[in-house]
Amino acid sequence: MNNPESTEKKKKRKRRHRSGRSNNARKARRRNYFESDENKKILEAVDQVVWPTRKEAAHVGITLYENRLKNERLYVQRRRGGKKEITSRFEFELGRWTGEGANRPPLAYFYLGGLNLGSRALRGLFFQKNPDLSGVDKYVSRKGHWVDVNNWVSEKLIRIWEDALERSIYPYFTTDRILSCVEENPFYPFTRDHKLARQAMLERIPDRIADLYPMARSMRRHFILHIGPTNSGKTHDAVVACEAAPGASTWPPCACWPWKWPNA
């Protein structure tokens, strides 16, 4: 009668044996590919790899984002996840986003695809500089490990993109530049309407603010500003002075109810 314990040990030995043979086979394939001419050519290309510079990445990013702001539908990130399209209030909300003390770049207000977008945008430039790596999925490094080319390139391009964002792209897209781009976007005509309204209002404002109310300034008027600490009798004195004057008006504080001066 077979011992169940010894049978289980035999099964474990067989599994280890098969696993060992499988590992040995993988190592042999990896070693053979490392010594192949194809892998040697890839290693030479890796040694001479040329990455996009920050200046080139910034140029790609500025061109990409300007095109999106001018020609595509724009979205912002929701607080609870997801995204929503901008509305006619977006100028006000953008101002709050970049308000005093916020220290946030205006471009980060929009949902524009994240860091993976930058990696994809730089990928074409990378393979243009390194044509020998185009179409290569993986290779064996000199340390004897398989390297996934797509992951390796993507991780490096994301770091380049992050650096270009912080040092060049974000500073370039000021609030005024963003508004200027969105005004050309055919999906959001209200931005142009807001611009025309602002221009019309500014054109009506005279160079000298004193000329803004000519009729009021032509009247002979006398103003008395009565100021003082709390509960010092300012309102009472103002009401008494108004009652004694032949013609006068007073604008009491909102907290003063009509019952405080029934004859007003």
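The values are calculated or read from the model by the stated rules, or taken from the named source; none is laboratory data. Quick caveat: nothing in here was measured; it's all calculated off a predicted structure. A quick note on method: Cβ atoms are made from the backbone with ideal geometry, for glycine too, and the neighbour counts reach across all protein chains shown. Keep in mind that these areas ignore ligands, DNA and RNA; they rest on the heavy atoms of the full protein, side chains included. Shrake-Rupley method; radii C 1.70, N 1.55, O 1.52, S 1.80 Å.
For region 82-151, list the strands (runs of 3 or more DSSP E) that sit wholly inside it and hold at least 3 residues that are among the β-branched types (Val, Ile, Thr) and in contact with a helix residue (DSSP H, G or I) (Cβ under 8 Å, 6 or more places away or on another chain); which are they?
In region 82-151, there are no strands (runs of 3 or more DSSP E) which contain 3 or more residues that are among the β-branched types (Val, Ile, Thr) and in contact with a helix residue (DSSP H, G or I) (Cβ under 8 Å, 6 or more places away or on another chain).
Is one or more of the residues making up region 66-73 part of a strand (DSSP E or B) and farther than 19 Å from residue 195 by Cα? Give the derivation first.
Of all residues in region 66-73, those part of a strand (DSSP E or B) come to none.
There is no residue in region 66-73 that is part of a strand (DSSP E or B) and farther than 19 Å from residue 195 by Cα.
Condition first: in contact with a Leu (Cβ under 8 Å, 6 or more places away or on another chain), touching a residue at least 60 places away in the same chain (Cβ under 8 Å) and surrounded by fewer than 16 Cβ atoms within 10 Å (Cβ to Cβ). Now tell me which residues in region 152-170 satisfy that.
none
Tell me the residue from 133, 112, 107 that is surrounded by 15 or more Cβ atoms within 10 Å (Cβ to Cβ), without any contact (Cβ under 8 Å) to a residue 60 or more places away in the chain and of a type in the set (A, V, I, L, M), please.
Exactly one of 133, 112, 107 is surrounded by 15 or more Cβ atoms within 10 Å (Cβ to Cβ), without any contact (Cβ under 8 Å) to a residue 60 or more places away in the chain and of a type in the set (A, V, I, L, M), namely 112.
What's the total number of residues in region 54-85 that are open to solvent by less than 70 Å² (accessible area, probe 1.4 Å) and either of a type in the set (A, V, I, L, M) or free of Cβ contacts under 8 Å to residues at least 12 places away in the same chain (or both)?
So the answer is 10.
May I ask you to say which residue of 206, 186 is more than 30 Å from residue 42 (Cβ to Cβ) and within 31 Å of the chain's Cα centre (by Cα)?
Values: 206 fails: within 31 Å of the chain's Cα centre (by Cα).
Unique residue meeting the criteria: 186.
If a residue counts only when it is aromatic (Phe, Trp, Tyr) and surrounded by 10 or more Cβ atoms within 10 Å (Cβ to Cβ), which helices (runs of 4 or more DSSP H) contained entirely in region 171-241 have at least 1 such residues?
On the way: elements: 175-182, 190-204, 214-218.
Answer list for region 171-241: 190-204.
Go through region 115-130 and give me each residue that's open to solvent by 30 Å² or more (accessible area, probe 1.4 Å) and among the aromatic types (Phe, Trp, Tyr). Walk me through how you get there before you give the answer.
Taking region 115-130 as the starting set, the residues that turn out to be open to solvent by 30 Å² or more (accessible area, probe 1.4 Å) are 115-116, 120-121, 123-125, 127-129.
Of everything in region 115-130, just one residue is open to solvent by 30 Å² or more (accessible area, probe 1.4 Å) and among the aromatic types (Phe, Trp, Tyr), namely 127.
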